[in-house]
Every structure is written in structure tokens, then in C-alpha cells.
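Below is one structure; the comments refer to it alone.
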Amino acid sequence: MKNFLWLSCFAFIFSLNAQPVKKAPVYAGQGPAVIVLTESKPTQKQWKGNFTFEESDVVFSNDFEGARLNGVIQINDSTFTALITSENTPINTSPWYAFRVSAKKPKTINVVLTYQDGIKSRYYPKLSKDGEHWTPLDSLNYTPFEKGNEAFGMGSLPLKVSMKLEIGNEPLWIAGQELETSSIVRKWATKLATEKDISYSSIGKSKEGRDMGLLSIGKSESKNMIMIISRQHPPEITGYLSMKAFVETIASDSKLAKKFRKKFGVFVVPLMNPDGVDNGHWRHNMGGVDLNRDWENFNQPETSAVRDFMVAKEKETNGKFYFGIDFHSTWDDIYYTIDAKFEGNMPGLVPDWLDAVKLDLSGYDPNIKPSDKVKPTAVSKNYFYVAHGAEALVFEIGDNTPRDFIKEKATVSANKLMMLMLKKL
Ligand SMILES: [Zn+2]
């Protein structure tokens, strides 16, 4: 009997070990970008102010940069339904929301997030006391309804969600992703620009008149140039956080970064869509257009500002853009590259770089999707390659990629890129 038990135990363990290892699903990536008209269309501005429920002593507010809250209805003494709508339609499912809520006396409320027809809940709620430092809502206080069971995309999302919030006199901020508004981005860029070979200036104005800020890092008169952009799409914060760590590494005090900055001029537009960000847009600029479809016709001031800057810089330095990168967020980490058959100013740079990054991040298997079509340019990476010969890619980070891994990957990526470009030039 004893032997039999041992044997069956052994068999059980063996059968556990023999189970095929279940591989994590891999995000298949988007199809080719659909060509759309990019002439300005109307957008819907949200009403701004306080939504006050006097009898229950609860005040909601959307009166701040980056807010998106289009209506609140009280269901019972402690439950409220918030409505979040987009700036215009058609639009993809990236319903960003941000609002503040307070009460004179401490209390617990439930807030149900609902959206316009055809839209589901995408971004996990983050909480903040100051609008700058965020923590995810405790999962015990989060209830998704009718959640799909797919790994990515619409089929992975709940139709709506409910959150339980402890509120009081100090306003509690709730947002779909961390708020990185134009003021916060400006604060970050201005601080970086206190270093001696870094400056921050404006290369134009957005449709609503906000500055298109540009960080210039390293030797700005160098013939060897790099273009970095992020936040064409307002809620794509994880891509923005990656850009931040990437740029901070290039701007750092390391020996490598200093050497790199002597040889290269690095130009960064950290916030491509400042109007969209400050108005809490889901995707478009104030012209109601997806900026990342406007790199062919340049109907919008934000894309035109970057084009004019790059063209002028090439003329001024008689130099070349060797590399162009555009940071975004999507369902999972993925690189949208350009097929190696298209050779730019530094052939092989992107594949060699991504190989080097993979070697330095143990257990990381990069998802790379090269495109074999670069015209019409429409999207930034194709424009960087076709108009300037820059080796170019879109660097996408998952909505829920852990924030410390975002930073680690971006730091390794910036270091490997600097090493390779110094070697290849
Ligand atoms: Zn995007």
C-alpha cells in the first residue's frame, strides 16, 4: 500500500511535469493603418464645472486639465453613474476618463462608469490625492460587468465597471491612466533643460494655441540627428512613460550618454497632442483628427510643426536624421517596424538594436511586426523613413505593462541604441 501511494504520488508529480507549458498568448498586432481624411472636423467640448448632489453631500468635478466626465446621475444615496463620451465619432475604444470627487463628511460611494454605445471599459482606475502621484484602485473595490474572456482587444474588456471609493473633504482624483497633462509635461521638460547641453523651446502652436514643446538634447548643430515623439494619442500614457525614461537615459550623466551627446543632436516632442491631452480626448486633436494619419497630407498644425522643424533642421545642418521613434500604447508591448528591405541612412540599425535589447532583458521575448508598405506615409514612422531616410519604428507599450518594467526596458533600449549608433556612424 505504502509503495503504491509513493508510486501514485510520483506518477502524479510526473504527470504535472509532463504537462505542456502553457504559453502566454501573443498579441497579433493591428492591421495596416486605414487611410482616412484628415481635414478638421467638429469636436465636442465637454461642459466644465461641478456636479453637486447636495442632499447626499457629494461633489464631482471635471474642472481641470485632462478631465473627462460628461455627466453624472445619482441612482441612490451612495451610488452614482458617470457617463464618459468621446470628442467625436467614429473613434476607437480608448475611453479615457478623469474626475475628482469629494464630500464634506467622510463616506463610501459607488461610481459606475458607462460610455456611449459600442464602447467598453478599457483603463483600470488609478487614484490620486494631488493629480500627479497615482496608485491603482484596490482590486477588492473594483467590479467589472460582462467582461470578455479574450486576451486582447474588445473581447477582453468589461461592458462597464463599478468602483467603491472612500471620499472626504480633500478631493480624490480618479483617472483611467495617470494624468500627464501639458503642465506636468512642461514641468518635466523644463527641469531636464536645466542641464547644460539641453534646451526646451516651442516649434509651433496647436490648434487651440498651446505650445508644441521641443527638447533639444546634445549637439543641436550636429549633422547626425534623431527624432523622438510621443502622445499623438492622449490616453497612451504607458508609451509616454517609456519615452520619458528613454529620453532621461540619453540626457543622463553616464559616460556613454555624454559621448553620444557630443556626436548627435536628439530632438524630442514629448507631447504631440497637447489640446487632446488637456481636453481629455480619447484619440484625436482639436481638429477631430487622428494625428497619426496626417503624416501624408499635413492638414493639422501639430504634425505640420514637426515636419517643418525636421525639414528646416536638415537644411540648417546639411545633416541627416538617422533614427525616428514614435511612442504609443496598445493592448500589449509590440514594435511596429519597417521591413529590412527598406534601407535608410543606417541600414540594419533597428533589427540589430532590438536583438541587443532582447539579450539584456532576461526572459523577454519581443513582439516585432515589420510592415512591408511605407506609402502613403500617413503614419509618423513611414514619414520619418520616406521623407528623411530615418530608420524608424513605433514603440508600443501595453496599457497594463508594469510601470517598473516600462522603465527598465526603456533604459536598456536607450543605452543599446546609443552604443550601436556610435559604432555604426
Ligand atoms: Zn497610439
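The values are calculated or read from the model by the stated rules, or taken from the named source; none is laboratory data. Quick caveat, the model's predicted, so the values are computed rather than measured. Every residue, glycine among them, receives a Cβ derived from its backbone with ideal geometry; neighbour counts consider all protein chains shown. With ligands, DNA and RNA removed, areas are computed over all heavy atoms of the protein, side chains included. Shrake-Rupley method; radii C 1.70, N 1.55, O 1.52, S 1.80 Å.
Kindly report, to the nearest 10 Å², the accessible surface of Lys373 as traced by a 1.4 Å probe over protein heavy atoms only. Here the accessible area works out near 130 Å². Of the solvent-accessible surface of the range 312-375, computed with a 1.4 Å probe over protein heavy atoms with every protein chain present, carbon and sulfur atoms account for 45 percent.
Students often get this wrong, so check it: of Lys315/Lys341; Lys191/Lys263; Lys258/Lys424, which have C-alpha atoms separated by over 20 Å? Among Lys315/Lys341; Lys191/Lys263; Lys258/Lys424, the Cα-Cα distance tops 20 Å for Lys315/Lys341; Lys191/Lys263. First check a/c for the range 182-424, with a ≥ b ≥ c the square roots of the eigenvalues of its C-alpha gyration tensor; if it is under 1.5, answer rounded, and if not, answer prolate when a/b is larger than b/c or oblate otherwise. Rounded.
Surface composition of the range 104-247: carbon and sulfur make up 51 percent of the accessible area, probe 1.4 Å. Counting lysine pairs in the range 50-175 whose alpha carbons fall under 13 angstrom apart, excluding pairs fewer than 8 residues apart on the same chain, gives 5. A crude spin-label estimate for the pair Gln44 and Leu140, with each label 7 Å from Cα along the Cβ direction, gives 3.8 nm. Measuring r between the beta carbons of Asn318 and Ala24 and using R0 = 51 Å, the FRET efficiency lands at 0.60. Centroid-to-centroid, using Cα positions, the range 100-142 and the range 241-318 are 31 Å apart. Got a sec? Which residues in the range 114-148 would a label at Lys164 touch, if it sits 7 Å along Cα→Cβ and we count backbone N under 13 Å? Of the residues in the range 114-148, 138-144 have backbone N under 13 Å from the label point off Lys164.
Averaged over its residues, the chain has an accessible area of 47 Å² per residue, based on protein heavy atoms and a 1.4 Å probe. In terms of the mean number of neighbouring beta-carbon atoms within 10 Å, the peptides 330-338, 89-97, 50-58 order highest first as 330-338, 89-97, 50-58. The 1.4 Å probe gives accessible areas that order Glu166, Glu296, largest first, as Glu166, Glu296. In a fully extended conformation the segment linking Gln74 and Lys107 would gain 10.4 nm over its present Cα-Cα distance, using 0.36 nm per residue.
Computed on the Cα trace of the range 50-175, the radius of gyration divided by the Kirkwood hydrodynamic radius gives Rg/Rh = 0.95. Remark on the range 92-131: Rg and Dmax equal 12.8, 39 Å (Cα only). For Leu157, nonlocal amide neighbours, meaning residues 5 or more places apart or on other chains whose placed amide H falls under 5 Å from its own, are Gly148. For Thr38, the shell of other residues with beta-carbons less than 12 Å away shows a net charge of -3, using +1 for Lys and Arg and -1 for Asp and Glu.
Taking one quarter of the surface of the convex hull spanned by the alpha-carbon atoms of the chain gives a direction-averaged projected area of 25.8 nm². With a simple spin-label model that places each label point 7 Å from the Cα along the Cα-to-Cβ direction, the separation between Tyr364 and Ser156 comes to 1.8 nm.
Annotation for Leu83 and Ser304: the two label points, set 7 Å from Cα along the Cα-Cβ direction, are 3.6 nm apart. Ranked by the mean number of other Cβ atoms within 10 Å per residue, highest first, peptides 269-281, 218-230, 201-213 order as 269-281, 218-230, 201-213. Computed from backbone phi, the HN-Hα couplings of the range 95-112 come to x, 7, 9, 7, 7, 10, 9, 8, 8, 4, 10, x, 7, 10, 10, 10, 10, 9 Hz, rounded to whole numbers (Karplus: 6.51 cos²θ - 1.76 cosθ + 1.60, θ = phi - 60°; Gly and Pro given as x). Largest accessible area first, the listed residues Val112, Val36 line up as Val36, Val112 when surface is computed with a 1.4 Å probe on the assembled protein chains.
The stretch between Val36 and Ala340, if pulled fully straight at 0.36 nm per residue, gains 106.8 nm over its current Cα-Cα span.
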